[in-house]
Amino acid sequence: MSGRSEARRFILQMLFLLDQNPEADTQRIDRQAALEFRDPQLRNFIRRILDGIRLQRTKLDQQIRQTAHNWRLERMAITDRNVLRLGLYEMLHEGRPAPVAINEAVEIAREFGSENSAAFVNGILDRLNPHSRSTKTQTAPAPDENTSPDAGAQQEHG
């Protein structure tokens, strides 16, 4: 697994923390990143992505809401909505090729989310892909008790 993939996993964990505690000490996050990542480029990557998502969160969330018509952002599993924010931010603001950003997000969702998270994240990010033919022509599948990505929200890994 690449250093950036590991950094994305760390970012997801910090986004989860910030989602639960918006007043969390960002200096503590930086200290934890320094303990886990020796490479200063990876620490800079982490800080840049975290800061960017925090600054763009309202816009990212608006785009996710517009695409996931049948899903309220607040009802999505915390992991799923933060993986969506991460993948979308990388596509739109980091210049990451959409297939790379989507693949990374899907792998993280598979690892940290529920049974259905990977498919859910893939579908939403594919529709948010600015270069995808399916952008704005499809909607997320309707919620279903058996397939809801937030059905496993209580079993999330932090």
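Per-residue answers, yes or no, for (1) at pLDDT 95 or above; (2) among the polar types (S, T, N, Q):
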site: Ser2; (1), (2): no, yes
site: Phe37; (1), (2): yes, no
site: Arg65; (1), (2): no, no
site: Val106; (1), (2): yes, no
site: Ser114; (1), (2): no, yes
Seminar exercise, completed: Here the qualifying pairs (Cβ atoms under 7 Å; residues six or more apart or on different chains; first in the stretch 92-107 and among the small types (Gly, Ala, Ser); second in a loop (DSSP other than H, G, I, E, B) and open to solvent by 60 Å² or more (accessible area, probe 1.4 Å)) come out as Ala98/His131
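The values are calculated or read from the model by the stated rules, or taken from the named source; none is laboratory data. Nothing here was measured: the structure is a model prediction, and the numbers come from that model. Cβ coordinates were reconstructed from backbone atoms using ideal geometry, including for glycine residues, and neighbour counts include every protein chain displayed. When the accessible area is computed, the model is the full protein with side chains, heavy atoms only, and any ligands, DNA or RNA have been set aside. Shrake-Rupley method; radii C 1.70, N 1.55, O 1.52, S 1.80 Å.
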